[in-house]
Every structure is written in structure tokens, then in C-alpha cells.
Amino acid sequence: MESKGTRIGVVVRVRPFLNKELKSGCTNDRIEVNSDDKTITVFSDQKQQKRFEFDEVFDESISQEVLYNQLKLDNLIKKVIEGYNATIFAYGPTGSGKTYTMEGYDYDKNLKPVLRDELKLGLIPRLVKNLFEEIKKAPKHIEYTVYCTYIQIYKENIYDLLNPAQIKPPGLKLRWNQQEEFYVENLFMHPCYSANEVLNHYNSGLKNRITSSHNANTTSSRSHSLLTLNIEAMDSETGSILTSRLQLVDLAGSEKVSQTGNEGSALKESIEINKALFTLRQVISTLASMRDGEASFVPYRDSKLTSLLKPSIGGNSYCLMIACIAPLDSFFDDNLSTLAYATKAACISNEPIKNIDPKTKVIKELRKEVKRLNFELKLANQQIMMLTEIVNLDPKEQATRLKEVEKLPMKAENLTRIQNLRSNIESMSPSSPLKWQSQTAYSKFSDAEFSDFSLSPEILSEKLYDSVKMIRDLMNSNKKLKDVVSDLTQQKRALEAENIQLQNENQDLQEKMEALENIVKGKGNSSKINSEIWMLQKEREGLIKRIELLEKENKTTNVVPINKGEWGWKSKRTVLRGRKHIDTVKPLSVVVSDRHYDPRNTIGRVTPKAVYRPLTQDYPIDMSKQEAINTLSQILMKGMPY
Ligand SMILES: Nc1ncnc2c1ncn2[C@@H]1O[C@H](COP(=O)(O)OP(=O)(O)OP(=O)(O)O)[C@@H](O)[C@H]1O
């Protein structure tokens, strides 16, 4: 079933006052929440009213469990299992309860998540458990695998929260795939077979999420986080594969600088967060103002967040927006803006599409075709049998039996032909000999008509033969497709194993890096460093000896200033490529300007006042200038600086 034009669901949740807000005497005079008629009314300074209506409005008394049940998210999970994509995202100002709604964990002094109260668990853990409960109910021949990814977008960089090697800049790249969707390159996808496995990954990812404390929220998420569950259902009976995706998004909060009190780098961070949310609001506004069938430019690509949310907002997923607001009067402007965008989002229509694997689609179509051909074959057999009997009957009976044949389901043109044949037989003289009558009846048709007359036994048997051949071909290709599916399954398993191996290797590397860091910090075994230092000292001693030798040689040589034209020194610069070249290439050309020496400059570009060329056996060497020696020493000691 393809469901078309499903509106984005929009609900609003108002959080309760926090203890510190109650103590500091914060007020709540400008917002009126009415859960029964699903409205929120806000009052401006001048006591003007604005009323907003949503799919649901939850006041501060609502618990996490009631919220989950009232949102009827088990229905959404069923859709996901059926092969539809779905997204739930929390939107609202900083400190309005987005993370609480999605996660529900408490945070310790180091801003790390801890689970103190199961009842407080947010939507994500509940959805994950619900998903696996539904999977358990599925028939045994359908094998489900849930692949879990968890990313955060921080200052327009994408980090893999489940891969410790990818939680620092530069982050992962965003790419565009053949299905015309954005995806994150090299993202770890963890195959999971139970809710606990997913939640363990999620919890480890949460620890890597960037949070900080500011005036409006002591545990503020500074990044947008996207937990994605890719579900793959493989039917071992039919070989068909069904995929779907559940995306759970906790956005960073929009924030007013005056409210957060941020300064310096935290202020810059606020600006970055607001930039991505600005693009999200632009996308929402553009889609909301588009009329049916109208094409308009939607700036999805302007931020990584909106690029990744493209299928969810105005795309082919089911989508639920949870707008969070805080009841405080100090949040008035942010609340008003949140409610305005939530209203716009409610006007956006998505077109959820069931994801069917292309191979499964072909197999389904072939099956349908085989079924149709089998039916036609059955009919053709029936007709052949009846007509074979009719040929040997007398004309009267022939006409009666042909009437019966006419009742069989058949193509319109065949029916006309049988009817013509019958009326011909009926109009014949009853005394005519049977054989002659039959021949006359057939002879009324032209040759062309006769050859095209599909009810003649020869033609029908030919058609029968063709149909059988076609069915055999279809069955063959069906079998081939099944083989392809089983190959792909094997490949998939191999890739999964490889993925796990790579993750283990990655883990090893992490450990090695940590060990090296410990060594550098002096925590670990320092013998490696000592031997490295010893080697470097040896190398240094060798170099110093070589310089001394060169200095000695220098005393016995003359100065030969170079003319550009004479020596073509532009071409000689390649000699100065590094220490090794200087050791091996002869004659040795070192060209030094009196004013400065910049090895990255081509010597040809420097206009030297005096240029010196040290030569070996073939030429007298100029080493009387101290700069040349110094430069050479520098190169020998440190290597070329590029
Ligand atoms: N429904 C609620 N019931 C009880 N406490 C809540 C509720 N919603 C939010 N809180 C509390 O309010 C504070 C702010 O909530 P939360 O961190 O979820 O806000 P946020 O919108 O995610 O903020 P940010 O955008 O800065 O991350 C937290 O201490 C949280 O525990």
C-alpha cells in the first residue's frame, strides 16, 4: 500500500519549572496550555493573544511513559517494520527539554549520562525496545538485522559517535548516492540483534557527545545528534529483502546569546548552532509555502543537518516533530518562534514510500506474470479440449456446444470469431454432410483470417507450446534471481564479518595510540624513547663530522661568483632537494643570496647579489662565505625545511 501525502505530525511538549527556576521566582504569565483542545495561547506584552493548534499538546504534568503511549509510537514502529522510513525530531530553544524527551538520562558532574530512574527513560530507549518486541513477533522465516549508526553534527562537521577514531576534526564526509540521498561516508554501522545491543552502542555514543553548561541549561547539547536504525528484513522463503530506516534526532537548541550568557568561543559555537537551525527553518518555511505540485528551490544543501534530513522533511518518510518549550516568561520570544515554525512544519506533506529491494520487485513481477500465464494456459487447454470434441459432432450439436465455449473467459476478438463460426453453422442446411459443412464453415474465412484464428487446435497448441516455453524461461530467470539473492546474502555476511574485524583493528590501533600517548606523557615504558634519542644523537654526531670536513675543504678553495647566463643556475636548483642529494650529486651547487635564504623559493626567483657555487674535484670550491657554510650546516642538521 502506498500512502500518499502524509502530513508531518507536530506535537508540543511543555516542560515543568525546574527547582532553581522556582527558587529564583521565575514567572509564567504569558503562556496558556490547553491539552484537551490541543492548543497553546501566548500573550504579548500588550496582552494580545495568539493561539496555536497542534496534533497534540502535552503539559508539564505528562510523564515519559504517558507521552510515549499517547504518541502511539508503536504504530510508527509497525510502519517501520513494514518497510517505511520514519523520523522523529525534537526542536526548540536551549533548555526546553529536547534531550530529556528523547533520552531521559541524568547527567553526572562531568556531564556524562547516567541512568538513575527507568521511569524517566525517553523516547529513544522505549522505541528501540518496542522495535525489537515487534521483530520478535515476525514469522520465523523473516530474519531481521538492525544496523545502528550514531552521529553528531558539530560546527558543520560530522562525527561518528560510535567510532572513537572519528570524534575529532576533520570529521566524516557527506556524499550523494545513486538513490539521490545524502549519506555519511565511512560511517560505522553496527549490526545489532537485540535492544540491549543497540542501547549499549547508544550509551557509549552519548558519552562522546559534546555537551556544556551555560546559564539556560547546565547540560546543554552543543551538537545535533542523529541515531539511525537501518532495518533489514530477509525472507528466507521468498529470498526477498525489505529495508527501512528509523531516524531519531535530538537537535541542539536555538539560543539567544543574552539567555545563555555565552562569550568568546562559546559565543562562536552558539552562532554555528543557530546557523544550521536557520537553514532548517528556511527549509521548513519554503516547503510550507509551496502549493501542491509546485516546484521551488529548497535549500537542503545549505547545511549538513538539512541535507541528512531531506528524506524526512518533504521527502518519503513518516515524520514527527516534537516542539519543546519552557513555560518561563523569559523564554517568550524563543517559544513564540518555536510555535510558529512548528505550525509551518505541520503544513508540510511527505510521501511515505515502502522500500522494496529492486530484486524483490522483479521477483514479485515475474511471479505475477507466471500466475497470469498459468491461468491463460488453463483456459487454452479447456478451449482446445472442447473444440476437439466439437469438430466431430453434427452441426446442431456443434452450435450448442459452441455456445458453451462462448461462456468461457476469453479475449473479445476470439469470442467474436466463435460467435461468427456458430452463426455460420446455424445458417447451414441440416441435410448437408457433416464433413462438407465443416469445411464450408471454415472456408468462409480468408486465409489470413484463418491463420490468425486462435481457436484452431493447431494455433492453440502452438500458443500452448509458446506459453510453456515462456513459463520455463520465467522459472529459469526466477531461479537465477534467487541465486543472485543468495550470493548477495553471502557477500553481506562476509562484509559484516569484515566490518567487525575492521572495528577490532580500529580498537587495537586506539589502544596502541593510547599506549604511545602514555609513553610520551612519561606514564609508560620510556625505553623506546631512549633508543630513539640515542639514534638521533648518533646521526647528529655524524653530521657534525661531515660539516667539519667540508669546512676543512673550504679553506683550500677559491671563490667563483656565478653569472646567471654562464651557469644557468635556474636548472641547478633541483640539486637542493634534500640531504641525500647533497651527499650524492656532484658537482655540488649551493646557491645563496646575500640578503636571505628561503629554500622554498626557487633559486631562480631570488635575485642574489652574490651567488656562490661550491665545486668538488672538477672546480675550485667557494666556501669562504660564512653564510654558505651556515646554510649548508642548517640543511645537514635539520634537513630541508620542505
Ligand atoms: N518534562 C520534564 N520533566 C522534568 N524535567 C525536565 C523535563 N524536560 C526537561 N527537563 C529538565 O530541564 C533541563 C533542560 O532539559 P534538556 O537538557 O533536555 O533541554 P534541551 O532542550 O535538550 O537543551 P539543549 O538544547 O541546551 O540541549 C534538564 O535539567 C532536564 O532534566
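The values are calculated or read from the model by the stated rules, or taken from the named source; none is laboratory data. Just so we're clear, the structure is a prediction, and the values are computed from it rather than from any experiment. Using ideal geometry, Cβ is built from the backbone for each residue, glycine included, and neighbour counts are taken over all protein chains shown.
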Looking at the stretch 295-306 only, could you name the residues that are surrounded by 21 or more Cβ atoms within 10 Å (Cβ to Cβ) and not aromatic (Phe, Trp, Tyr)?
303, 304, 305, 306
Answer from 354, 364 - the residue that is touching a residue at least 60 places away in the same chain (Cβ under 8 Å), away from the ligand (no atom under 16 Å from the Cβ) and either in contact with a Gly (Cβ under 7 Å, 6 or more places away or on another chain) or small (Gly, Ala, Ser) (or both)
354
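Would you check if residue 286 is modelled with pLDDT of 80 or more and of a type in the set (Ser, Thr, Tyr)?
Yes: the conditions hold for residue 286.
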From the list 454, 438, 461, 467, which residue is at pLDDT below 75, assigned to a loop (DSSP other than H, G, I, E, B) and not aromatic (Phe, Trp, Tyr)?
454
Of the residues that make up the stretch 74-87, is at least one within 22 Å of residue 254 (Cα to Cα), out of contact with any Pro (no Cβ under 9 Å at 6 or more places or on another chain) and of a type in the set (A, V, I, L, M)?
no
Residue list for the stretch 2-32, filter: within 28 Å of residue 350 (Cα to Cα) and either in contact with a strand residue (DSSP E or B) (Cβ under 7 Å, 6 or more places away or on another chain) or not basic (Lys, Arg) (or both):
2, 3, 5, 6, 7, 8, 9, 10, 11, 12, 13, 14
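Any residue at all in the stretch 57-67 that's farther than 30 Å from residue 42 by Cβ and within 16 Å of the ligand (Cβ to nearest atom)?
No, the conditions are met nowhere in the stretch 57-67.
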Those residues of the stretch 71-104 which are more than 16 Å from the ligand (Cβ to nearest atom) and not hydrophobic (A, V, I, L, M, F, W, C) amount to 72, 74, 75, 78, 79, 82, 83, 84, 85, 87
Going by the conditions given, is residue 42 in the same structural domain as residue 119 (by TED's automatic domain parsing), within 30 Å of residue 139 (Cβ to Cβ) and not charged (D, E, K, R)?
no
Of the candidates 231, 167, the one satisfying the condition of being hydrophobic (A, V, I, L, M, F, W, C), away from the ligand (no atom under 16 Å from the Cβ) and at pLDDT 95 or above is 231
Just to be sure I understand the filter: pairs with C-beta atoms under 8 Å, separated by 6 or more residues or on different chains, first member in the stretch 227-255 and farther than 21 Å from residue 201 by Cβ and part of a strand (DSSP E or B), second member of a type outside the set (D, E, K, R) and within 16 Å of the ligand (Cβ to nearest atom). Which pairs pass?
254/92; 254/93; 254/94; 254/273; 254/274; 254/277; 254/337; 254/338
Could you say which residue among 140, 155 is more than 27 Å from residue 61 (Cβ to Cβ) and free of Cβ contacts under 8 Å to residues at least 12 places away in the same chain?
140
Taking residue 144 as the residue in question, decide whether it is more than 20 Å from the chain's Cα centre (by Cα), surrounded by fewer than 22 Cβ atoms within 10 Å (Cβ to Cβ) and of a type in the set (Phe, Trp, Tyr).
no
For residues that are touching a Phe, Trp or Tyr at 6+ places or on another chain (Cβ under 8 Å) and over 22 Å from residue 102 (Cα atoms), tally how many sit in the stretch 320-351.
1
Among the helices (runs of 4 or more DSSP H) confined wholly to the stretch 1-116, which include 2 or more residues that are among the hydrophobic types (A, V, I, L, M, F, W, C) and under 31 Å from the mean Cα position of the chain (by Cα)?
73-82
All but one of (1) within 22 Å of the chain's Cα centre (by Cα); (2) at pLDDT below 90; (3) within 16 Å of the ligand (Cβ to nearest atom) hold for residue 280; state the number of the condition that does not hold.
(2)
Looking at the stretch 36-47, is at least one residue in contact (Cβ under 8 Å) with a residue 40 or more places away in the chain, surrounded by 15 or more Cβ atoms within 10 Å (Cβ to Cβ) and within 16 Å of the ligand (Cβ to nearest atom)?
yes
Among the residues of the stretch 309-326, which ones are buried (at least 24 other Cβ atoms within 10 Å of the Cβ) and of a type in the set (A, V, I, L, M)?
309, 321, 322, 323, 325, 326
When you go through (1) touching a Gly at 6+ places or on another chain (Cβ under 8 Å); (2) at pLDDT 95 or above one by one for residue 95, which number turns out not to apply?
(2)
